[in-house]
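First the structure, in the form of structure tokens, and then the observations on it.
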Amino acid sequence: MLQNLLGVARHYDVITAWIGRSAGWLILLSILVSAANAFSGWAFGASSNAWMELQWYLFTAAFMLAAPYTLQRNEHIRIDVVTGRFAKRTRDWIDVFGHIFMLLPFTLLMIWLCWPYFTNAWFSREVSGSANGLSLWPLRLVILLGFVLLFCQGLSELVKRLAILHGLMPDPDAGAGGNHAPPVTPIPG
């Protein structure tokens, strides 16, 4: 069964990688929107709150859609200062524990909280309070989608970590240590 789940996880990883790499382009678009708004304000005295909000929306989308890719690439914030002193198998079990008891429950809670946040904005056609403000539902949808994708990637990472622990796949972090810091040696003083 774990072998079948590993196949699903690998397919999901392809989707996550595509979304994550694509989300990076939203940063460039956000910068261009910001520059265009600043230039139009300076040159024509016509900057817009809507353009500023669009910049925030794009940056939020980049952050939320790249978070699962960051998890997949093992580039998220870790407690390597502590776990770097442990054996690799212990670090793997810490990852399993963290995914089951922290990441997955947190993302489920956020999905549960974000769903009404999105649907209320959708059905009420809520717009921001700024003059010429944008509709809020696209932003809230991106936040919800980001947590759904992060939950799915968390499941994928959990399956892969369990497969590594059961010897069903090689550990991609074994050679270089991944983001796991090597044991810390004290500085002689």
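The values are calculated or read from the model by the stated rules, or taken from the named source; none is laboratory data. Here the structure is a predicted model, which is why all the values come from computation and not from measurement. With ideal geometry, Cβ positions are generated from the backbone for all residues, glycine too; neighbour counts draw on all protein chains shown. Note: areas computed on protein heavy atoms with side chains; ligands, DNA, RNA excluded. Shrake-Rupley method; radii C 1.70, N 1.55, O 1.52, S 1.80 Å.
Dividing the convex hull volume of the alpha carbon atoms of the chain by its residue count gives 171 Å³ per residue. Take the Cβ atoms of Asn74 and Ser130, set R0 to 41 Å, and the FRET efficiency comes out at 0.60.
The listed peptides 154-160, 56-62, ordered by packing as a protection proxy, come out as 154-160, 56-62 (highest mean of other Cβ atoms within 10 Å first). Report, to the nearest whole %, how much of the accessible area of the stretch 1-83 belongs to carbon and sulfur atoms, 1.4 Å probe, protein only. Carbon with sulfur: 73 percent of the solvent-accessible area.
Annotation: extensible slack from Leu109 through Val96 equals 2.8 nm (criterion: 0.36 nm per residue apart, minus Cα-Cα distance). Scanning the chain for long hydrophobic helices, with DSSP H runs required to stretch 24 angstrom or more by C-alpha along their axis and to average at least -1.0 on the Kyte-Doolittle scale, returns 2-44, 49-72, 104-124, 137-165.
Would you compute the Debye intensity of the stretch 38-127 from its alpha-carbon atoms alone, equal scatterers and no solvent, and pass along log10 I(q)/I(0) at q = 0.14, 0.16, 0.21, 0.22 Å⁻¹ to two decimals? Computed log10 I(q)/I(0) values: -0.77, -0.88, -1.13, -1.18.
Remark: the chain carries 62 Å² of accessible area per residue (probe radius 1.4 Å; ligands, DNA and RNA excluded). Protection proxy ranking for 121-127, 26-32, using the average of other Cβ atoms within 10 Å per residue and placing the highest first: 26-32, 121-127.
A simple spin-label model places pseudo-atoms 7 Å from Cα toward Cβ; at Ser22 and Phe44 they are separated by 3.1 nm.
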